[in-house]
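The values are calculated or read from the model by the stated rules, or taken from the named source; none is laboratory data. The structure displayed is predicted, hence computed values, not measured ones. Every residue, glycine as well, gets a Cβ built from its backbone with ideal geometry; the counts of neighbours run over all protein chains shown.
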Amino acid sequence: MNQAVPDVHTAEPIPAAARSEIERLLLTGDLFRYTADANAPVSLLETEFAALMGTRYALAVSSCSAALFLSLKALGLKDKARVLIPAFTFAAVPSAVVHADCAPILAECAENYRIDLEDFARKLPQADAVLISHMRGHTSDMDAILALCEAAGTPVIEDAAHSLGTLWSGRKIGTLGRAGCFSFQSYKLVNAGEGGILITDDADLVARAIIMSGAYEHMWKKHKQDDALTKALTRWQNQLPLYNLRLSNLSAAIIRPQLAEIPRRVRDGLRNHDHVAARLSAEPGFHVPPPLPQEERAPDSLQFNLVGLTALEQEGFAKTAAKNGVKVQIFGQSTDNARAFWNWQFLDGIPDLPKTRAMLRQACDVRLPSRLTLEDCDVISDILIDAMRTVTGRNQRNVA
Ligand SMILES: *Cc1c(COP(=O)(O)O)cnc(C)c1O
């Protein structure tokens with residue numbers, strides 16, 4: 001059985017088109033984004049990404065975490081400002097908040113992985129800003145969230161690290177808030193090892209972020225700009241600290257040819273996800289929360305809940321699947337999991353969040369990259385279903 005199990009960890013090859021550009025960069029040694037007067041790969045990436053997303057500005061940086069940090073800094077919040085984030089996210093998100101000298105407030109998330117709107121609305125009045133993390137590409141109800149935040153006058157930043165290609169009522173995720181941040185880390189849709197990008201229509205916000213990202217002296221003149229941005233950049237000259245979170249030309253050369261691959265990766269990722277989701281949904285013990293009606297997803301992994309299993313059976317399920325070659329992460333069960341809020345002990349006090357805790361205790365995570373075939377997906381589905389039948393005693397041949 002093990003032989004046929006697909007490898008879900010190795011990445012797709014980087015498109016061949018990247019090679020000649022990397023060779024050129026290596027021969028000239030031109031790796032710093034601000035060395036060339038114009039058309040540096042990082043600048044071209046920013047122009048192309050902004051065009052792809054339909055925003056006025058883009059700023060490429062060293063990671064999505066850096067983009068989140070710069071977005072918060074660029075909002076010009078008061079010291080120790082409070083930032084409302086979902087309690088189901090990756091530790092890098094509360095970390096970016098802390099790094100920006102702010103304090104996170106955690107909103108409960110429901111068993112469908114999305115923000116609990118009642119808890120969100122209750123905590124919003126205490127918040128100076130909102131950072132919506134679309135964890136694992138699951139979109140919370142952005143209509144309700146944007147309406148609440150607009151009424152409260154609270155700015156919204158989107159952590160769209162894992163949401164490239166996701167649509168909300170036909171609008172691109174990452175373009176709904178004041179700024180949207182994406183990741184090019186290897187486990188995301190576009191893989192450069194590391195990297196991130198911030199998009200926005202707000203000239204003042206991006207001007208501040210450009211300078212703080214490390215556009216010292218007059219380096220900012222090498223950014224593509226309109227009059228509004230030039231004015232904002234001139235205004236912020238010498239006013240801001242430099243955090244040096246720039247992206248290298250080598251990374252941009254690896255990212256640019258992958259932009260054309262996004263539609264295929266989104267299409268195949270969704271096909272694979274929906275195929276496995278349908279197979280598991282037909283089986284007792286699994287619950288795959290459906291997308292919200294406004295949402296068109298772009299998943300590269302599958303999340304599902306284990307229903308009615310004891311802690312021992314959950315452990316047995318994960319062990320049996322692993323023995324047969326499929327690694328299942330139960331977010332709230334593994335030691336030191338970076339997506340379990342109770343492990344964020346660097347925070348000043350961790351609140352009790354029973355709803356999110358209950359969800360994390362039964363929520364499973366399986367990688368499902370877009371390059372898998374439907375046959376591969378069936379092998380994974382068979383292993384998961386077999387593990388469920390085994391631990392719940394419904395698999396006669398496996399009950400010794
Ligand atoms: C990966 C990820 C991040 C962090 O991205 P980096 O580029 O590694 O900093 C933040 N938020 C979410 C939801 C992620 O999936």
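Couple of notes before you dig in:
- Residues that are surrounded by fewer than 18 Cβ atoms within 10 Å (Cβ to Cβ) and assigned to a strand (DSSP E or B), drawn from segment 131-181: Leu167, Arg171
- Looking only at segment 97-139, residues that are over 22 Å from Ala66 (Cα atoms) and either within 12 Å of the ligand (Cβ to nearest atom) or modelled with pLDDT under 95 (or both) come to 1 in all.
- Complete set of residues in segment 213-238 that are aromatic (Phe, Trp, Tyr) and either touching a Lys or Arg at 6+ places or on another chain (Cβ under 7 Å) or in a loop (DSSP other than H, G, I, E, B) (or both): Tyr216, Trp236
- Just one of the listed residues (Asp141, Asp119, Asp128) is under 24 Å from His99 (Cβ atoms) and among the acidic types (Asp, Glu), and it is Asp128.
- Of all residues in segment 43-76, exactly one satisfies the criterion of being more than 16 Å from the ligand (Cβ to nearest atom), touching a Ser or Thr at 6+ places or on another chain (Cβ under 8 Å) and in a helix (DSSP H, G or I), namely Met53.
- Look at segment 89-108: where a residue is in contact (Cβ under 8 Å) with a residue 40 or more places away in the chain and a partner is of a type in the set (D, E, K, R) and within 14 Å of the ligand (Cβ to nearest atom), sitting 6+ places away or on another chain with Cβ atoms under 8 Å, you get Thr89/Asp159; Thr89/Arg339; Phe90/Arg339; Ala91/Arg339; Val93/Asp159.
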